[in-house]
Amino acid sequence: MARRAVAVVAAIVLLGEAVGFVLVNWFLGRVVHQQNMSLGGIDSGTMSTATYVMGAVFGLYLAVCGAILLFTGVRDRAPGRFGRILLITCAVVHGVLGALTVGLMGWPAFAFMMLVLALVVLALLMYAAPPLPAEPQDGQPVEAPPGNGTPPEPAAA
């Protein structure tokens, strides 16, 4: 039950972060467009368009990561290979951005990035191991499910 809650909370945080990132980049694009000045010979229209595109692409990336975590929490099944790879890259991105934000934006931004990183990693780890089988009612030992990391027994010749 706890792993479902962690996945859903992480999904909500990532979806909220996606919306926030898109809105901040939209605002920055508007500000750059209103400046009517160039930076290194680049037109302000080009810079604002690049800001819009970056915000949309990264917002979509965060939204997809959030959707994968939401589906993981709702279905209570581990994400597939593509989903795991995407969530691992999301964790790495949040770790790198957390290291950058501590110097640029301060400790509250760093704490938020580390919170998101912790939620994503915790969700990944909670769905990494297969769940333990339930205890039997009759007192007989329970066989471990296949694929638990132990090598298969050799076949009788």
Scanning segment 69-85 for residues that are without any contact (Cβ under 8 Å) to a residue 24 or more places away in the chain and part of a helix (DSSP H, G or I), the one surrounded by the fewest Cβ atoms within 10 Å (Cβ to Cβ) turns out to be Arg81
Looking at Ser38 and the list (1) exposed (fewer than 13 other Cβ atoms within 10 Å of the Cβ); (2) closer than 19 Å to Met113 by Cα; (3) hydroxyl-bearing (Ser, Thr, Tyr), which single condition is not satisfied?
(2)
Thr49, sole failed condition from (1) assigned to a helix (DSSP H, G or I); (2) closer than 27 Å to Tyr127 by Cα:
(2)
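Values quoted throughout were computed directly from the atomic coordinates according to the rules given, and no laboratory measurement underlies them. Nothing here was measured: the structure is a model prediction, and the numbers come from that model. Here Cβ is always computed from backbone atoms with ideal geometry, including for glycine, and neighbour counts include all displayed protein chains.
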